[in-house]
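J.: Below is one structure. I have some questions about it.
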Amino acid sequence: MPRIARRSIAIAAASLLAIVSLGAQAQAPIVIKFSHVVAPDTPKGKGALRFKELAEQRTGGRVKVEVYPNSQLYKDKEELEALQLGSVQMLAPSLSKFGPLGVKEYEVFDLPFIFKDTEAFRAVTEGKVGADLFKKLESKGITGLAYWDNGATHMTANKPLKNVADFKGLKMRIQSSKVLDAQMRSLGSIPQVMAFSELYQALQTGVVDGTESTPSNIYTQKVFEVQKHMTLSGHGHLAYAVVVNKKFWDGLPAELRSQLEGAMKDATTYANAIAATENATALDKIKASGKTAIYTPTAAELNEMKKATSVVHKEMEARVGKQMIADTYKAAGYSLSK
């Protein structure tokens, strides 16, 4: 075979190989790393798995969602920085975590007793306040996709917590939030900021005396094994914002982004729907374990707690924003005087 012919065949073969290689690359799925800090069998954990299922199904495999629960990749303080750097594409941090990021208005959700029930909470997140808060994340390189609810938070400790005096001197674990810090101090306890992944050991060894969380988290993180008492205070409301790296999100083809938005909408409906059931089931399991005594405070005891923590609302106006607090009051149907 002449040299020119052999060379032509070699060039053609190389070109074909390049085309095949490019085709293979084009078929490679877009990977979304979805990191979170709780167990897979919590409302958030199950919501993340539902999103994975729906996203991969609706994009026909063009998108692959890798879910990393239980702080496998990043702890509380690390995950938002990892998102901004593009090390992960998606998170579902609790709303408290956006305060340290510089969006202090998110700490309005930490104000004690501000939400009388789930409906009041969702009136805020699903309305103008929720939308405005998402807009504030854009300058941080973050796009907000949805709010996921996890219900009311309650207090736990190794002593009964019936009256405000019972909190005095207790080291209570909190998320990094100035509002939660002020809340615990208003009760006479000593707030300790700590990663969620470190909580069990800290309770077990006495580094902290107690904490606040939802029944589903208290059960799945085995907090009930190292806490003798739980008071159904319902003083707070735990929720998450599902967020994505803005540059990554904006760079997706419009069709894929639309499909993922639909998957997220349905995963949100699912996650929010199961929150109440998951918490009720977890509470039953905690009771059945016999390891934690569960106490329901009287109306007078709750009012004492509300009165003690009400000072936090005024104290935090300068940090959270007086207008933000007023808008949240209005949407939630809350009055400080009640």
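J.: Would you grab the residues whose amide H sits under 5 Å from the one on GLU66? Only those 5+ places off in sequence or on another chain, please, with H modelled 1.01 Å from N.
T.: Correct list: ILE32, LYS33, PHE34.
J.: Give the peptides 132-144, 263-275 in descending order of average Cβ contacts within 10 Å, highest first. Can you show the working numbers first?
T.: On the way: 132-144: 16.5, 263-275: 19.2.
The peptides rank, most packed first, as 263-275, 132-144.
J.: Which order results if TRP148, TRP249 are arranged by neighbouring Cβ count within 10 Å, fewest first? List each step's numbers first, then the result.
T.: Details: TRP148 24, TRP249 18.
Arranged by neighbour count, lowest to highest, TRP148, TRP249 become TRP249, TRP148.
J.: What's the extension gain from THR281 to ALA120 if we count 0.36 nm per residue and subtract their Cα-Cα distance?
T.: Values: separation 161, 0.36 × 161 = 57.96 nm, distance 2.25 nm.
Extra length from THR281 to ALA120 when fully extended: 55.7 nm.
J.: Still on this structure, I have one more. Write down the percent of antiparallel bridges among all DSSP beta bridges whose residues are both part of the chain, to the nearest 5.
T.: Values: 18 of 34 bridges.
Given both bridge residues lie in the chain, the antiparallel proportion sits at roughly 55 percent.
J.: At a 10 Å Cβ-Cβ cut-off, how would you order ILE218, ILE32, ILE294, ILE174, fewest neighbours first?
T.: On the way: ILE218 26, ILE32 23, ILE294 15, ILE174 20.
Taking fewest neighbouring Cβ atoms as first place, the list is ILE294, ILE174, ILE32, ILE218.
J.: In terms of modelled amide H atoms, which long-range or inter-chain residues lie less than 5 Å from the amide H of SER71?
T.: HIS36, VAL37, VAL38
J.: Same structure, new question: Let me know the Rg and Dmax you get for region 29-332 when you use only its Cα atoms, in Å.
T.: When restricted to Cα atoms, region 29-332 yields Rg and Dmax of 18.8, 58 Å.
J.: Can you give me the Cα centroid spacing of region 233-257 and region 132-210 in angstrom?
T.: When both Cα centres are located, 22 Å separates them.
J.: Let me ask another. With viscosity set to 1.002 mPa s at 20 °C, what whole-number translational diffusion coefficient in µm²/s follows for region 151-297 from Stokes-Einstein and a Kirkwood radius over Cα pairs?
T.: Working: Rh = 16.9 Å.
In µm²/s, the coefficient rounds to 127.
J.: Sticking with this one: Beyond 18 Å between alpha-carbons counts as too far, so tell me which of LYS97/LYS228; LYS46/LYS128; LYS178/LYS322; LYS159/LYS228 fall in that bin.
T.: Numbers: LYS97/LYS228 28 Å; LYS46/LYS128 27 Å; LYS178/LYS322 16 Å; LYS159/LYS228 7 Å.
Check vs 18 Å cut-off fails for LYS97/LYS228; LYS46/LYS128.
J.: Considering only the other residues whose Cβ falls under 13 Å of the Cβ of LEU238, what net charge follows from Lys and Arg at +1 and Asp and Glu at -1?
T.: Numbers: positive: LYS44, LYS97; negative: ASP110, ASP149, GLU212, GLU278.
My count for the surroundings of LEU238 gives -2.
J.: What number comes out for the charge environment of ASP250, summing +1 per Lys or Arg and -1 per Asp or Glu over other residues with Cβ under 11 Å away?
T.: Values: positive: LYS246, LYS247, ARG257; negative: GLU138.
Result for the neighbourhood of ASP250: +2.
J.: Using only Cα atoms, find the angle between the long axis of helix 3-27 and the longest principal axis of the chain, and express it within 0 to 90 degrees, rounded to the nearest 10.
T.: The two axes meet at around 20 degrees.
J.: A follow-up question, please. Angle check, please: helix 299-309 long axis (alpha carbons) against the longest principal axis of the chain (alpha carbons), in degrees 0 to 90, nearest 10.
T.: On a 0 to 90 degree scale, this one is about 70.
J.: Also, I was wondering about something else. Collect residues whose amide H, placed 1.01 Å from N in the peptide plane, falls under 5 Å from the amide H of GLY151; neighbours closer than 5 in sequence don't count.
T.: LEU238
No value in this document is a laboratory result; all are computed from the given coordinates. Just so it is clear, the model here is predicted, and its values are computed rather than measured. When we count neighbours, we look across all protein chains shown, and the Cβ atoms used for this are built from the backbone with ideal geometry, even at glycine.
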